[in-house]
1. With the structure loaded, tell me whether residue 255 is open to solvent by 10 Å² or more (accessible area, probe 1.4 Å), closer than 25 Å to residue 287 by Cβ and at pLDDT 90 or above or whether it fails that test.
2. Let me spell it out: the conditions are (1) modelled with pLDDT of 85 or more; (2) more than 19 Å from residue 421 (Cβ to Cβ); (3) of a type outside the set (S, T, N, Q); (4) outside any loop (DSSP other than H, G, I, E, B), and residue 515 meets all of them except one. Which number is the exception?
3. List pairs: first residue in the stretch 136-152 and within 16 Å of residue 73 (Cβ to Cβ), second residue among the aromatic types (Phe, Trp, Tyr) anywhere in the structure, Cβ distance under 6 angstrom, at least six positions apart or on different chains.
4. Counting only residues that are small (Gly, Ala, Ser) and part of a strand (DSSP E or B), how many does the stretch 280-307 have?
5. Do we find a residue being free of Cβ contacts under 8 Å to residues at least 12 places away in the same chain and not in a helix (DSSP H, G or I) anywhere in the stretch 257-268?
6. Restricting attention to the stretch 201-246, which residues are part of a loop (DSSP other than H, G, I, E, B) and at pLDDT 80 or above?
7. Checking the condition among the hydroxyl-bearing types (Ser, Thr, Tyr), at pLDDT 70 or above and under 30 Å from residue 220 (Cβ atoms), which residue from 345, 321 passes?
Amino acid sequence: MPASTPPQPHPLAAAARVVMLALVAVLTQYATHDPGQLRWIALLAVAGLPALLAPEHRPIGPLSRVAEVLVLGLAASQIAAVATVGGDVNNGLGASAVLPYLAVPVTVTALRRRFREGVALLAVATATLLVAGALTEVDGERQIGQLGYLVVCAQWLILAGLGLAAASGLHRVMQVRNEGKPQPYAEATRLLTQLRTVARQLPGATLDPGGISEHLLEELRTVARADRAAVLSASGGGRLVVLAQVGVERVDWETTLDADSAIADAWASQQPHTAARSQARSHRGGDVSALIVPLVAGVRTVGLVVLEADAAQAYPPPVVSRVTGLTRPAALRLEAALLFDEVRSLATNEERQRLAREIHDGVAQELVMVGYGIDNALAYVDEDPQETAEALRTLRGEVTRVITELRLSLFELRSEVDRHGGLAAAIAEYARTVGASGGLRVHLSLDESTARLPAATEAELLRIAQEAVTNARKHAGAANLWVTCEVDPPYAQIEVSDDGQGIADQRSDGHYGLAIMAERAERIRGRLEIRPRQPSGTTVAVVLGSSPRRDNVRGSAAVAEGE
């Protein structure tokens, strides 16, 4: 494992220190007219160098900033002792030449949200200035007794403290504004990670609306009394459906949004509502408290939480506040689960339609023919046993063929691109299996780089290749099958050719399969090419992107032509 490189100094931080050091150097020279006093500026630069090079290192960064403050305090006292600001040597105003540098270490702590460290630096600076002033004598008088010295020190300490307090206050305001508000990219990453996990391990409860609803109800019962509770979500027709409920075995909840109920009011207003009556259509009576909290994700109401207790005034404002604190993040999780359910239904609908077509036009029709054959065999079983036996042998062959078709369909459904094997290996395995079952001689040409296409793109390319191979086996009447797979991301080309009767003579359901392949190719921004193969047969190719190899060859040819 390579060693981690230390963080590089930020250019702006380095520039700010250089500018501030130059400023206090100029002020010091102007106040003292003594080049020897510039040694304090050099000491400040040396003390701050570790904090500049390793600002996050513990303890180098904090200790370096403390060293800066200590040097700064001593420098302010000594420079004030020899400065001639205002024409008076011992007025103490010369400390203002270097104290502006106090903003550097304090500002660094504020930007890094280390406000306690900033307060500690101010305390160290105050103590250093007082001790140095008490130990330094100017014309037989203690420096700490000079009003100018005290005023200048207090001025810069107060300014630094106000800056630190302003930064801390701004940070708290931003934190309050962002509290409970998901960060878009972080939240999207978290949800997509969950989606990937669930997609690999279906069925799962991570993005299951029922599982999320049950977990939410369990959480709510820890902060509020609930003799019965439910999570409701919208369905078609302006009605609600129960995703999960706890308490009694069954509650006939109000699920109509156009009724005069607290449920309808909460849904329309997107605000929590309390009621002194049950939200069930049938209730035995007695004291009841109901709390209905809408689950709002963004501007959309995705569901409702209904809590009921057999007691009066069971949901005062503090309880409502605790409940809404749990439902806010849960609304986003539930919306993601509902959307995932919808996406999963849409994604599987196409495969369901294709399977329905395959079963209707393939296995179902062939089983019907087997049934007719059995009826004919039964009709002649007594009259002509030999003809009956021949018919039964034919039926046995048909049953074997139907079983083979079913096994191939199941194999196609189970086939997927292995994360280690690659797209070419998956296509080759499918072509060999289907070719062997259909008596096809399969010729493979595989050229796949170590780089991989996105998983969704590989899955679509595999399905296109499967459909092309299946069409060749079932409809083309071919003897040979040529499968070419070239993958060099972002380029890919899958080509399936046969020496059969040609696409013009194939069955109509073969054309339906071509339409599905075209839709899949469009989904991944590829293009489907269908062309006759000479002297007979059909070639189906799907191309994604442009080949870098072809581009290189084309570029080389252009150069050669120019030469």
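1. Numbers: open to solvent by 10 Å² or more (accessible area, probe 1.4 Å): yes; closer than 25 Å to residue 287 by Cβ: yes; at pLDDT 90 or above: no.
Spelling it out, it is not the case that residue 255 is open to solvent by 10 Å² or more (accessible area, probe 1.4 Å), closer than 25 Å to residue 287 by Cβ and at pLDDT 90 or above.
2. For residue 515, the failing item is (1).
3. That search, which allows pairs on different chains as well, returns 143/149.
4. Filtering the stretch 280-307 for residues small (Gly, Ala, Ser) gives 280, 282, 285-286, 289-290, 297-298, 303.
With the extra rule that they be part of a strand (DSSP E or B), the set shrinks to 280, 289-290, 297, 303.
Within the stretch 280-307, residues that are small (Gly, Ala, Ser) and part of a strand (DSSP E or B) number 5.
5. yes
6. Residues of the stretch 201-246 that are part of a loop (DSSP other than H, G, I, E, B), as a first pass: 201-208, 221-227, 235.
Scanning the stretch 201-246 gives 221, 222, 223, 224, 225, 226, 227.
7. Numbers: 345 fails: at pLDDT 70 or above.
When all the criteria are applied, what remains is 321.
Here is a yes/no grid of residues against (1) in contact with a helix residue (DSSP H, G or I) (Cβ under 8 Å, 6 or more places away or on another chain); (2) surrounded by fewer than 17 Cβ atoms within 10 Å (Cβ to Cβ); (3) at pLDDT 80 or above:
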site: 2; (1), (2), (3): no, yes, no
site: 10; (1), (2), (3): no, yes, no
site: 22; (1), (2), (3): no, yes, yes
site: 27; (1), (2), (3): yes, no, yes
site: 32; (1), (2), (3): yes, no, yes
site: 43; (1), (2), (3): yes, no, yes
site: 52; (1), (2), (3): yes, no, yes
site: 55; (1), (2), (3): yes, no, no
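The values are calculated or read from the model by the stated rules, or taken from the named source; none is laboratory data. As the structure is a computational prediction, the values presented were derived from the model and not from experiment. Virtual Cβ from ideal backbone geometry, glycine too; neighbours counted across all protein chains shown. Side chains are part of the model used for accessible areas, which takes the heavy atoms of the whole protein and leaves out ligands, DNA and RNA. Shrake-Rupley method; radii C 1.70, N 1.55, O 1.52, S 1.80 Å.
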